[in-house]
Structure formats: structure tokens, C-alpha cells
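Here is the structure we will look at.
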Amino acid sequence: MRSPPVFCAVPWLSAPLFAQAPALSVPSLTPVLPPFVPPTPEQAIAFLGTLALLAGLAAAFYGLLFVVLRSVFRRLDFELGIAILNLARIPALVILIFGSLRLALNFLAPSTALLWLGRFCAALLVAAFTFLVGQLFTQAAVYYLKGFAEKTEAAWDDVLIPILETIIPPLIYVFGAFFFLQSLGIDLTGLWVAFGGITFVLGFALKDILANFFSGLVLLIDTPFQFGDMVRLPDGPTAVIKKVGLRVTHLYVIDNYCEVYIPNAELEKRDIVNLSRPTPHYAYSLNVSVRVDADPVATTNILSEIVNGHPDILGDLDEKLRCLDSFLGLKQAENGEISKVEAGRLRQEHPTFDETVNWRAVH
């Protein structure tokens, strides 16, 4: 006969099994580099051979760029290209030397000294590249843009180029400094976060100024109106555009004989009628009160002489030249400049007379 099974209690089985397990230690994933490892003969040969090859290629590229290409630019009389080569000569030499050394270091055994040497080469590459970009912008790009602006009649480039000349170089060097420090192994995560936060706060605080600034750029680029145009504002008055600035537009209201400054963001949203487009001629009605007993013929002749005497009003050429000298209220010559009467006569006699060049002289 089979005996029944006997159950006995084992005290240690009721305790958690994992309580008896020892803690596992996870090894560090960051390798610890030795301070310096002497290179083996194979590593030294590979390092020197790679460095010699890269140095030869760099010398050939440098000679091709700054000897052959320079002579070609001199024959073509390409001044901008010659100026760019003069600016890039030293930074390019630094980039070629330390770039070749940085690539050749990969054939040596890793060590702490080699790591810092590679970081130093990378930081010098960033510094040379930043200096090259900054010099090319300030010395070459701005010079070319200023020459281009002098040949165009647009007003936006005369305003935008000085702004770019002031803002872009500091930004180039600031970002270059960030990448320079990062190349040395310095953690800039907190600094980048702080820089982004400051930029967000400044953008939110200056949102109205920035809106007017970008609206002014849009008005200068699209040129819906320009200096001297006659426009009609949505609320009714007629005004003359005197200046389109980066923040406000300066207008002269004819009916009220006053000057008005309108923010560009507000002006961009308005429906403005340009009375000077497509033709600059504009007819303006003016009511003149005379006495009842005045001679109508004499009154008409006097008003006709007054109107024809103004140099900015169209009319018969001979009649305008006769009435121009007797017109009153025009500014006289000052500091050796021509008067408005003389400028008006020149404009009537010579249609090619440049009014824009002599605007300061005649107003």
C-alpha cells in the first residue's frame, strides 16, 4: 500500500527570492583614455604618410587658388575676386594646415593628449572659418552691395545695406565663439537654452517695433509709393510722401498743413490711393475769394501768373519763364547752392535736369 505524501514547510522559500540576490554593477560606457600612448612604427608611418599627402594636396590647392587664379583675375581686371583672395589668404592657409593635421591624427592611438590636440585643431579651424566669413561679408559683400545700391533707383537697398552691415558681423562672431568653445569640449547646452530664452523674451517685448521694422522693409521693397508721391489716405486727407523709414512713414498733409508720422505696420494695412501713379501729374482745386467789384480779367491774369510762376506746375514754357522771376515765396540761394527759382528755370529749359541730385539745393 502506497504511503501518502508528507509536506514540510521550508522557511527560506517564503521570503522573496530577489532579496538574496547581490546588486549588479554596470560598467561605465565612457572609455578612460591613457594620458599618452607612444605610436607604433606602423602608426607613425601611416601618420607621416597621410600628413605628407595632405600637405602636398593643400600646397597644390593653395598655389592653384592664390597664384593661378589671382593671375587670371588680374588679366580679367576682376577687382572683387582679387579682394576676396587677399582676404582669404591667411585664413585659408590656417584651415589647410590644421585641417590636414586633424585628419592625420586619426591614424594614431587614442589618448588624452591626442584628444586635446584634435580639439585644439578643430577650434582653430572654427576660428579661421569664422574670421574668413566675417571678413568676406564686411569687406567684400558689403562693398559689392553698396556699389550695386548706387546704380539702382530703389530706396530699400540704401536703408537695408547699413542695417545688414551693423547686425550680421556681430552675429557671425557670436555664433563662431559658441562653436569655438564647443569644439574645445565645453558643454554649452545651458548657454544655448539661455540664449534662446533671451531671444524669445526680447522678441515678445519688441514685437511692435519688429512689426514696424519688417513692414518698413516690405514697403521699401514693394515700393507702392516713393518720395514725393501724392497719396490719399483712407480717412480722406491728401498727403505727400516725404520719407519711408524703417519704423514710421513721414507724410505732409496738404489740407491741414501739417506733418504726420504713421507706423509702418499700420500703414501697410490701409488701403492707400496713390495719385502719382502711373503719372506724376496731379490736379488740385483751390477756391480763391475775390471782391465783388474786382475786375474779372485782371484777377484771372494775376492768378494765372501766380500759377504759371511756380516751377512745379505744368504750363506753357514761354509763359512760365516770363512769370518765374516774379513769383514770390521761393527759397533763395544759401551756402553757394542754387535757388529754387534758378532750379525751376533749369528744369523748364533742360528736361534732363536731375531733380533728385539738386533736391537739397532747391528746397
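The values are calculated or read from the model by the stated rules, or taken from the named source; none is laboratory data. It should be emphasised that the depicted structure is a prediction, and the values quoted were computed from it without experimental measurement. So basically every Cβ, Gly included, is an ideal-geometry build from the backbone, and we count neighbours across all protein chains shown. SASA here: full protein model, heavy atoms, side chains in, ligands and nucleic acids out. Shrake-Rupley method; radii C 1.70, N 1.55, O 1.52, S 1.80 Å.
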Rounded, prolate or oblate: which fits region 149-271 when a ≥ b ≥ c are the square roots of the eigenvalues of the alpha-carbon gyration tensor, with rounded for a/c under 1.5 and prolate only if a/b beats b/c? prolate
Rounded, prolate or oblate, given the Cα gyration tensor of region 99-204, with a/c below 1.5 counting as rounded? oblate
At R0 = 35 Å, how high is the FRET efficiency between TYR173 and ARG270 if r is their beta carbon distance? Nearest 0.05 is fine. 0.30
Put LYS320, LYS269, LYS243 in order of accessible area, largest first, 1.4 Å probe: what do you get? LYS269, LYS243, LYS320
Pairwise centroid distance, computed over Cα atoms, of region 215-258 with region 170-193, Å: 44 Å
³J(HN,Hα) computed for each position of region 91-98 - Karplus, 6.51 cos²θ - 1.76 cosθ + 1.60, integer Hz, glycine/proline x: x, 5, 5, 5, 5, 5, 5, 6
Amide H neighbours of LEU275 under 5 Å, counting only residues 5+ apart in sequence or on other chains, H built in-plane at 1.01 Å? MET230, VAL231, ARG232
In region 215-252, which chymotrypsin sites (Phe, Trp or Tyr not before Pro) are in a loop and have at most 16 other Cβ atoms within 10 Å, using DSSP for the loop call? PHE227
What does the extension gain come out to for VAL37 and TYR62, with contour length at 0.36 nm per residue minus their alpha carbon separation? 5.6 nm
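Compute the relative contact order of region 184-272 as a whole-number percentage, counting only Cα pairs closer than 8 Å that sit 6 or more residues apart in sequence.
23 percent.
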Can you give the net charge of the other residues whose Cβ lies under 15 Å from the Cβ of PRO110, counting K and R as +1 and D and E as -1? +2
Sequence of ARG247, ARG89, ARG102 from largest to smallest accessible area, 1.4 Å probe: ARG247, ARG89, ARG102
On the full set of protein chains, 1.4 Å probe, figure out the accessible area of ARG119 and give it in Å² to the nearest 10. 70 Å²
